[in-house]
Amino acid sequence: TFDDYVLLDGVKKDALGFVRGLKVPAILDEIQYAPEVLRPLKMRIDREQASGAFLMTGSQQFELMKGVSESLAGRIGILSLSGLSSREKDGIAFDKPFLPIDEYLAARRGEAVRHSPDEFWRRVQRGSMPKLCAEPEIAPLDYYSGYVKTYIERDVRALTQVGDELAFLRFLTACAARTAQLLNMSDICRDVGIAVPTAKRWLSVLVASGIVYLLQPYSRNIAARAVKTPKLYFMDTGLVSYLCKWTSPETLENGAMSGPIFETYAVSEIIKSYQNAGMEPPIYFYRDSEKREIDLVFELDGKAYPVEIKKTASPNASDARYFGCIKSGGGIEAMPGGIVCMYDKLLSLGNAKTIPIELL
């Protein structure tokens, strides 16, 4: 691990000798701290032609990918690792990415683990960090306090010049309070007291760190997607709960943010299902000039599937009232959709079906 400063100092002095002496297979942790080894690694990989000889990990995606793209292009496979998914917590081997179709739901249903509402909200409030999942005696407050401090002091400083760390923490908290909402940069800047260019730079750090996911709007015109306002989602509901001071599952479930955090949890689980299958999530959100909205639209293999996410155990057909906005045409076939919710059964509701949250 290049967290070891003594080892790192030696590597920087003689990266070629270090790489030559590695016994394979080798795991190189926090590789972004030692970019000097990437070129010698390229030489050894080209010489030995051994696939899977080196596994490199890094917690700073921006710096890591910058070095890898320059030195190891075409010689490396990339895996994005978010926090643990619900499937991973339950030890479920099912590995297909989520899609609101009967074939997926039938297969997933066979391996689903049903949790009580109390246990579900405990999971949401606790989050998806591996250490918290492995050691239930650790309090989320203690863990995330250290996590945020370490993240700001180490990763943020490495990625951008943050002159005011308290202002960055306020920015992080302001973003968390707006999870599952349209990104309104001016609104955030006004609350935090920073300039828009600063906020954009800091937001890029959150995205590069895998803390935030920006969901793009759905449009048949791919170029149009890039210029419209995205929705902001945090990838870990435990971090949102900590930043917004929801200190227990009970207060979170009954609080003002329970709906957005439920939606955040669902979207992050869907994203993880694609990441863990080695795929980019083919998801967007729909919003038109009349403010008709659909939480998610999946566009895959020439088909579009609408999905609504509701924190309710009593879904009804009106929850899918805007699904008809997604129409066939332009090489895309509009398909029936689903309502992800707390209801525990698969049930047909007109042009949609209910999808229990544990089937993600």
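The values are calculated or read from the model by the stated rules, or taken from the named source; none is laboratory data. The structure presented is a predicted model; accordingly, all values stated were derived computationally and were not measured. Cβ atoms come from the backbone with ideal geometry, glycine included; neighbour counts cover every protein chain shown. These area figures cover heavy atoms from the full protein model, side chains too; ligands, DNA and RNA do not enter into them. Shrake-Rupley method; radii C 1.70, N 1.55, O 1.52, S 1.80 Å.
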>> Quick check: from the Cα gyration tensor, does region 250-308 come out rounded (a/c under 1.5), prolate or oblate?
In response: oblate
>> I'd like to check one number: the per residue accessible area of the chain, probe 1.4 Å, reported in Å² as a whole number.
In response: 49 Å²
> So, with +1 on the Cβ of K and R and -1 on the Cβ of D and E, and no other charges, what is the size of the charge dipole of region 256-360 about its Cα centre, to the nearest 20 debye?
Replying inline: 240 debye
> Put a dot 7 Å past each Cα toward the Cβ at Phe94 and Ser145; how far apart are the dots in nm?
Replying inline: 3.9 nm
> aspartates and glutamates near Lys200 by alpha-carbon distance under 13 Å, same-chain residues fewer than 8 away left out - which ones?
Replying inline: Asp187
> How far is it, in nm, from the label point at Ser51 to the one at Leu182 when both lie 7 Å from their Cα along the line to the Cβ?
Replying inline: 4.7 nm
> Scaled to the compact-protein estimate 2.2 N^0.38 Å, what is the alpha-carbon radius of gyration of region 1-119, rounded to two decimal places?
Replying inline: 1.45
> Packing-wise, with mean Cβ within 10 Å as the measure, how do 279-288, 32-41 rank, highest first?
Replying inline: 32-41, 279-288
> Could the peptides 339-351, 170-182 be put in order, highest first, of the mean number of other beta-carbon atoms found within 10 Å of their residues?
Replying inline: 170-182, 339-351
> In the chain, what percent of the accessible surface is made up of carbon and sulfur (1.4 Å probe, ligands and nucleic acids excluded)?
Replying inline: 53 percent
> What shape does region 265-352 have by the C-alpha gyration tensor, where a ≥ b ≥ c are the square roots of the eigenvalues, rounded means a/c under 1.5, and otherwise prolate means a/b greater than b/c and oblate the rest?
Replying inline: oblate
> Using alpha-carbon positions, what is the distance between the centroids of region 25-62 and region 244-269, in Å?
Replying inline: 39 Å
> By how many degrees, 0 to 90 and rounded to 10, does the Cα axis of helix 258-275 deviate from the longest principal axis of the chain?
Replying inline: 60 degrees
>> With the cut-off at 1.5 for a/c, could you classify the chain from its C-alpha gyration tensor as rounded, prolate or oblate?
In response: prolate
>> Ignoring everything except DSSP H segments at least 4 long, calculate the 222 nm mean residue ellipticity for the chain; use -39,500 (n - 2.57) per segment, divide by total residues, nearest 500.
In response: -11000 deg cm²/dmol
> Using alpha carbons only, how many degrees (0 to 90, rounded to 10) separate the axis of helix 38-48 from the longest principal axis of the chain?
Replying inline: 90 degrees
>> Nearest 10 degrees is fine. How inclined is helix 61-71 to the longest principal axis of the chain, computing both from alpha carbons?
In response: 60 degrees
